[in-house]
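Structure, as structure tokens:
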Amino acid sequence: MTAKTADIDVAEAKCTPAELTISWQNASYSVYSSLWLRDNDPAHRDPQTGQRLISLVDLPLEPRLHSAELWPPEHITLRWEDGETGVFSLHWLRAYDRSLRLSARPTRLPWMGQPANHFAWSAYPDWVSDPSIREDWLYYVGRDGLAFLSDVPQQDAAVLQVAAQIGYVRETNHGRIFDDRDNAALPVHTDNSYRDPVPGFELLHCLSAADRGGESIFVDGMAAAERIRAHDANAFSTLCQTPILYCFQDADVDLAVERTMLEVDTRDQFRSIHYDDRSIAPLPLKGPLLKRYYAAYRQLAELLCDPARSVIYRLQPGDLVLFDNTRIVHGRTEGEGALGHLQGCYLDADGLYSSLAVLSRTRSSPHDDRKD
């Protein structure tokens, strides 16, 4: 995480034995606990990986700050009463001010139905050759959950070449890649809700399109979930708090996992949606809870099927779409004539966000200068 240079100009730094307070020139201020500072002293971290080199039990129970000096430039030197000294980057301290609720990942923004060209697009040759284009594209993937490439080589397994520049391919019982040759209509869903963990992102590369129809459908599951939260908090809680069973089996695998259809994080913010009618086992509920669950489930299903929430686009040969499988539900309209052929793979989320972070290290302009 980084902070803007303009945001690290310091008006004043003062300390008590228990905490450090930094007043910034932009009129905001940050407060840091003495124990937290001692625990995160840069001298106690590997300079390459950032991994901690000490244990919490190596620290004093209540380290007491003695002084704070704004030196060297863009740093602050802290001294504790037991003689220890630590030098902290002001950029680093600003970025880790938890009151700002900064995140290493782009803030997710909900959306309604709109043309596909309103999302991030890039020509694949430019995307490969220009890291700044690739960084912006990944940023928008994190923000919107959906982005497109054009002019990807129409070759078998080309999707893996794209994936290699984004993150780590998640292999399943289908292998590293899977083929979708079908013109049948496909209801919107998230993939592999029966796996633990669920694949974070999905890539689909169009090698050939149906003669007619066969449009891809994308819906923001986060926006639908937030609509339910705003208008029926009880239904939202039911979907977040009632675990159900997702399962899949064939001759080679027997997969099952219990999870909630909607998940929130420790701050009660939307984390993920797991929506796949095909994979839900008979609901293990009875009485009033079963009735409440079916009602909440129907609310969500109706929102996800609302055309006003859909992005509908007919992928052309050479097009590729990347979407967040824990947020975006996807489907397909019925195709006619020659079979369409999509080739896909899954990516773990940590690899994608790691690639974005590495690309961002050398970026001169901050992320919040990107267009909304």
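Condition check: closer than 24 Å to Asp265 by Cβ and assigned to a loop (DSSP other than H, G, I, E, B). Does Arg105 satisfy that? It is true that Arg105 is closer than 24 Å to Asp265 by Cβ and assigned to a loop (DSSP other than H, G, I, E, B). Look at (1) in contact with a Lys or Arg (Cβ under 9 Å, 6 or more places away or on another chain); (2) within 22 Å of Ile217 (Cα to Cα); (3) part of a loop (DSSP other than H, G, I, E, B); (4) at pLDDT 95 or above and you find that Ser122 fails only one, number (3). For region 237-266, which positions are part of a helix (DSSP H, G or I) and surrounded by fewer than 17 Cβ atoms within 10 Å (Cβ to Cβ)? Within region 237-266, Ser237, Gln241 qualify. Put simply, of Thr77, Thr21 the only residue that is farther than 28 Å from Leu359 by Cα, at pLDDT 95 or above and of a type outside the set (Lys, Arg) is Thr77. Quick check on region 335-355: of everything there that is among the aliphatic types (A, V, I, L, M) and modelled with pLDDT under 95, which residue is least open to solvent (accessible area, probe 1.4 Å)? The residue in question is Ala338. State whether the residues of region 235-255 include one that is over 28 Å from Gly142 (Cα atoms) and in contact with a Cys (Cβ under 9 Å, 6 or more places away or on another chain). So far as region 235-255 goes, yes, one or more of its residues are over 28 Å from Gly142 (Cα atoms) and in contact with a Cys (Cβ under 9 Å, 6 or more places away or on another chain). Within the option set Leu146, Leu186, being among the aliphatic types (A, V, I, L, M) and either surrounded by 20 or more Cβ atoms within 10 Å (Cβ to Cβ) or touching a Pro at 6+ places or on another chain (Cβ under 7 Å) (or both) holds for one residue only, Leu146. For region 201-236, a residue qualifies if it is in contact with a helix residue (DSSP H, G or I) (Cβ under 8 Å, 6 or more places away or on another chain) and either assigned to a loop (DSSP other than H, G, I, E, B) or within 12 Å of Gly335 (Cβ to Cβ) (or both), and exactly one does: Asp232. Scanning region 53-92 for residues that are open to solvent by 40 Å² or more (accessible area, probe 1.4 Å), assigned to a helix (DSSP H, G or I), under 23 Å from Glu12 (Cα atoms) and hydrophobic (A, V, I, L, M, F, W, C) returns a single hit, Trp92.
Just need a number here: residues in region 289-334 that are in a loop (DSSP other than H, G, I, E, B), farther than 19 Å from Asp144 by Cβ and open to solvent by 10 Å² or more (accessible area, probe 1.4 Å). Qualifying residue count, region 289-334: 6.
For region 172-183, filtered to residues that are assigned to a loop (DSSP other than H, G, I, E, B) and either more than 15 Å from Leu347 (Cβ to Cβ) or modelled with pLDDT under 95 (or both), the residue that is least open to solvent (accessible area, probe 1.4 Å) is Asn183. The residues of region 7-54 that are touching a residue at least 60 places away in the same chain (Cβ under 8 Å) and aromatic (Phe, Trp, Tyr), listed by number, are Trp24, Tyr32.
Working only within region 39-52, note down all residues that are surrounded by 11 or more Cβ atoms within 10 Å (Cβ to Cβ) and assigned to a loop (DSSP other than H, G, I, E, B).
Asn40, Asp41
The values are calculated or read from the model by the stated rules, or taken from the named source; none is laboratory data. What you are looking at is a predicted structure, and each value in this text was computed from that prediction instead of being measured. No Cβ is skipped: glycine too gets one built from the backbone with ideal geometry, and neighbour counts run over all protein chains shown. Side chains are part of the model used for accessible areas, which takes the heavy atoms of the whole protein and leaves out ligands, DNA and RNA. Shrake-Rupley method; radii C 1.70, N 1.55, O 1.52, S 1.80 Å.
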